[in-house]
């Protein structure tokens, strides 16, 4: 997967990329924080919304300053809204502060944008983020017991 153009333009391709040793070989991997933002920015890389939410929900801690910094570095209002929406949903579990959310809110879209740009289906508008979110994501319908 190519680096986002804004990172290339600013010489920040390796922002939030860690080097880990795998059997004596140094391998560069994205941090949890960058992965959170990247998968919301490009959901096709995450296996669909259910898989994205389940995977992100399994993480107990994110460096939220790093999440916000990377999100704003991308300079994409829709991605900023997605990250803000996700963090607001897990505010208590992740100890998200109003400061983090306020920084993101400042860079949200001015008009409603869809959570999933490729599948503009109906959903609920979340005014705080100017984001139209599919009902199944809002209600986490995959958590329902059959």
Kindly indicate whether residue 68 is modelled with pLDDT of 95 or more, in contact with a helix residue (DSSP H, G or I) (Cβ under 7 Å, 6 or more places away or on another chain), within 27 Å of residue 141 (Cβ to Cβ) and surrounded by 13 or more Cβ atoms within 10 Å (Cβ to Cβ).
no
Only one of (1) over 28 Å from residue 3 (Cα atoms); (2) out of contact with any helix residue (DSSP H, G or I) (no Cβ under 6 Å at 6 or more places or on another chain); (3) in a helix (DSSP H, G or I) is not met by residue 125, so which one is it?
(3)
Any residue at all in segment 55-70 that's part of a helix (DSSP H, G or I), in contact (Cβ under 8 Å) with a residue 12 or more places away in the chain, in contact with a strand residue (DSSP E or B) (Cβ under 6 Å, 6 or more places away or on another chain) and over 17 Å from residue 12 (Cα atoms)?
no
Looking only at segment 87-130, and only at residues there that are over 16 Å from residue 36 (Cβ atoms) and in contact (Cβ under 8 Å) with a residue 40 or more places away in the chain, the one that is surrounded by the fewest Cβ atoms within 10 Å (Cβ to Cβ)
118
Go over the candidates 88, 77 one by one and state the one that is within 24 Å of residue 140 (Cβ to Cβ) and in contact with a strand residue (DSSP E or B) (Cβ under 9 Å, 6 or more places away or on another chain).
88
Confirm whether residue 32 is surrounded by 12 or more Cβ atoms within 10 Å (Cβ to Cβ), in contact with a helix residue (DSSP H, G or I) (Cβ under 8 Å, 6 or more places away or on another chain) and either at pLDDT 90 or above or farther than 21 Å from residue 110 by Cα (or both).
no
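The values are calculated or read from the model by the stated rules, or taken from the named source; none is laboratory data. No experiment lies behind these values; they were computed from the predicted model shown. Cβ: placed from backbone, ideal geometry, glycine included. Neighbour counts: every protein chain shown.
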